[in-house]
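The values are calculated or read from the model by the stated rules, or taken from the named source; none is laboratory data. These numbers come from a predicted model, not from an experiment. Glycine also receives a Cβ, built like all others from the backbone with ideal geometry; neighbour counts cover every protein chain displayed. Note: areas computed on protein heavy atoms with side chains; ligands, DNA, RNA excluded. Shrake-Rupley method; radii C 1.70, N 1.55, O 1.52, S 1.80 Å.
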Amino acid sequence: MKGIFLLIFLNFFDCQFENIVELKNNVLLKGTNLLGNKGEGFENSFAIGWLVEKNVGNIDINEMNV
């Protein structure tokens with residue numbers, strides 16, 4: 001995801017990513033739980049990993065609905 005401007009919370013729930021996930025140059029006003037929910041049974045998993053650069057907004061919220 002690159003260059004996106006979102007006014008809403010971007011919810012990722014129990015996602016399993018097989019390829020690298022890139023989150024670059026985005027504005028997430030209400031944030032996202034992409035890297036959040038650590039230790040929960042619904043925490044997202046990344047087989048190869050993730051790359052996060054130059055984002056505005058919280059990307060590790062520990063909730064499902066904000």
Using θ = phi - 60° and Karplus 6.51 cos²θ - 1.76 cosθ + 1.60, couplings along the stretch 43-49 (whole Hz; Gly, Pro as x): 5, 5, 10, 10, 5, 9, x
Full-extension gain in nm, Phe42 to Glu63, via 0.36 nm per residue minus C-alpha separation: 6.5 nm
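Counting Lys +1, Arg +1, Asp -1, Glu -1, what net charge surrounds Asn26 among other residues with beta carbon under 9 Å of its beta carbon?
Within the 9 Å Cβ shell, the charges total +3.
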Spatially close lysines, pair count over the chain: Cα under 17 Å, gap of eight or more or interchain: 5
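Hey, any idea what % of the chain's accessible area is carbon plus sulfur with a 1.4 Å probe?
On the chain, the fraction of accessible area on carbon and sulfur atoms equals 54 percent.
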Cβ-Cβ FRET estimate between Phe17 and Lys54, R0 fixed at 30 Å, reported to 0.05: 0.90
Summed side-chain charge close to Ala47 - residues other than Ala47 whose Cβ falls under 15 Å, Lys, Arg +1, Asp, Glu -1: -4
Amide H contacts under 5 Å for Ile59, placed H, 5+ residues apart: Thr32
Global geometry of the chain, whether rounded, prolate or oblate, following the gyration tensor of its Cα atoms and the 1.5 cut on a/c: oblate
